[in-house]
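Since the structure comes first, as structure tokens, the remarks are kept for the end.
The values are calculated or read from the model by the stated rules, or taken from the named source; none is laboratory data. Because the structure is predicted, anything quoted here is derived from the model rather than measured. Here the Cβ is made from the backbone with ideal geometry for all residues, glycine too, and neighbour counts use every protein chain on show.
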Amino acid sequence: MSANPVLAVVDRVRMVCSLAADIVIGTALAPQVDAVRARLDGALRIAIAGRVKAGKSTLLNALVGERLAPTNAGECTKVVTWYQYGTAYDVTAVGYDGRSTSIAFRRVDGALNFDIEGLRLEAIERLVVSWPSSALRDITLIDTPGLASLSAENSLRTTEFLALDDTHPSDADAVIYLMRHLHRRDAEFLGSFMDRSVAGASPVNAVAVLSRADEIGAGRLDAMASARRISERYETNDVVRTLCTAVAPVAGLIAETGLTLREDEAWALRRLAATPAPVLERMLRAADAFCDPGASELTVELRRQLLDRLGVFGVRFCVAEIRSHESATANDLSKALVAESGLDALRGLIADLFLPRAHILKARTALVSLRSIARDLESSDPARAYQLAAEIERCEASAPDFAELRLSHLVMSGIVAFNEGQRREFSVLTSPGTGVEERLGDDPAADQATLRASALAGVERWRTYGSAPMADIAMREACETMAHTYESLFVQLHEPRPAGI
Ligand SMILES: Nc1nc2c(ncn2[C@@H]2O[C@H](COP(=O)(O)OP(=O)(O)O)[C@@H](O)[C@H]2O)c(=O)[nH]1
Ligand SMILES: [Mg+2]
């Protein structure tokens, strides 16, 4: 066994890619295999999914810290768009025929505008925006047009893109699913969640965002506190727990504007804060009142822009900040807006849940794609298709990381019902990015003999759980993987550690 399981799983998938490349050489499937191979070395691809107007593009901009994704309902928002790291600024349309076309773009008031007029939308598979932003070094963000949109065609594009089963390999390794809190009853909320059409999605690669969280409570200053309470309630709901690992409340607009706030906007907000409190309160009751020509000395145009950039809550929040810290600069306001928006918690989820598993999530999507290639090969070359499928199966069965990922899926999606204690143990044992001592639940200062004894006790315990007469097939598989995981920790404890660690 290799001392480095991270390398092992990706290397194994690379070997399957090489076999696939040999098999399909010179055929139309060859570029697909090349793409799968290239993808293993690329950034983790995270799709941002959810209904139209859920705030997906705005949230994407907040994650990048620039206004790259168009947020109006323009033509561009109908096409799946990838935002990836590049050393140069570039926008390209990739057609279903595989052909790439360069797209002209410009910045207007900091927002990126690209011109796809003259291209047939139905012929574009995706737009690819390459941007030298450090936020895109480890992740590629994929903006989707949204489900249940006004046009059936948009929904189709999103569904087609997000499908993650054997027949429709997905382009995404992980998903952030956005939903607004529009539903009075939990059942309706869950209905809309289930609606997401991410076939084969699993809590191991999905988090949910309660989006446009500042709108909860009609712009009141305690909006984010209410949103946090609602998210916590959803997070402890048994059904939600089977769909995603966490629910984070985020006000994407507040974060986006916080990260891109201009001096002139801060100036306008300071002027607005000087308006007598009762007048301002009346203005903030409705957009019409806010933009009433006689209500303030700021021009109507300026007020409209502030409302677009911040919403009612954001304006009220900035005014409150300015009133409590007289000399609030654009920089101060930026920081306060971002801190209030909930963006950091979402970034934390990406860093703690997705990135430590990036290699295995990418390997998983690569195998799904290879399996689809094997199926496409079936009609023309059944023997070789079978050979490839068998190799994929072998790879999946032999990599312990896949077994652990499947274990996480079984437990987190509720297919296997561990009791509370077992679940806690599972979380500790499989928590990504932690050391052997922590995974064994032992004191970091524990000596090797104690650690080895813990690992062996773990093997014993889970073999016993797995052989209980009540255990069904899934439970037996999960227990066996837990026992194996303890076994591999035991083996690691025997191997001398590399120098310097
Ligand atoms: N108040 C508020 N408005 C938002 C927020 N996020 C998006 N919006 C607004 O909702 C509309 C749709 O947002 P967009 O990001 O284009 O949604 P998408 O269709 O899911 O991509 C735009 O007018 C945004 O300004 C938010 O966090 N708070
Ligand atoms: Mg959008």
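Miscellaneous remarks
- Selection count, segment 13-67, where residues are within 16 Å of ligand 2 (Cβ to nearest atom) and over 28 Å from Pro203 (Cβ atoms): 2
- Hits in segment 129-141 - residues which are buried (at least 20 other Cβ atoms within 10 Å of the Cβ) and outside any helix (DSSP H, G or I): Val129, Ile139, Thr140, Leu141
- A single entry from Ala43, Ala69 fulfils the requirement of being within 14 Å of ligand 1 (Cβ to nearest atom) and in contact (Cβ under 8 Å) with a residue 40 or more places away in the chain: Ala69.
- All conditions but one from (1) modelled with pLDDT under 90; (2) under 23 Å from Ser133 (Cα atoms); (3) within 13 Å of ligand 1 (Cβ to nearest atom) apply to Ala54; the one that does not is (2).
- Complete set of residues in segment 437-457 that are part of a helix (DSSP H, G or I) and touching an Asp or Glu at 6+ places or on another chain (Cβ under 8 Å): Glu437, Thr450, Leu451, Ser454, Ala455
- Residue in segment 419-430 that is surrounded by fewer than 19 Cβ atoms within 10 Å (Cβ to Cβ), small (Gly, Ala, Ser), touching a Pro at 6+ places or on another chain (Cβ under 7 Å) and under 28 Å from Ala351 (Cα atoms) present: no
- Boolean, Val247 is within 16 Å of ligand 2 (Cβ to nearest atom), at pLDDT 90 or above and buried (at least 16 other Cβ atoms within 10 Å of the Cβ): no
- Hits in segment 20-30 - residues which are in contact (Cβ under 8 Å) with a residue 60 or more places away in the chain and within 21 Å of Gly42 (Cβ to Cβ): Ala20, Val24, Leu29
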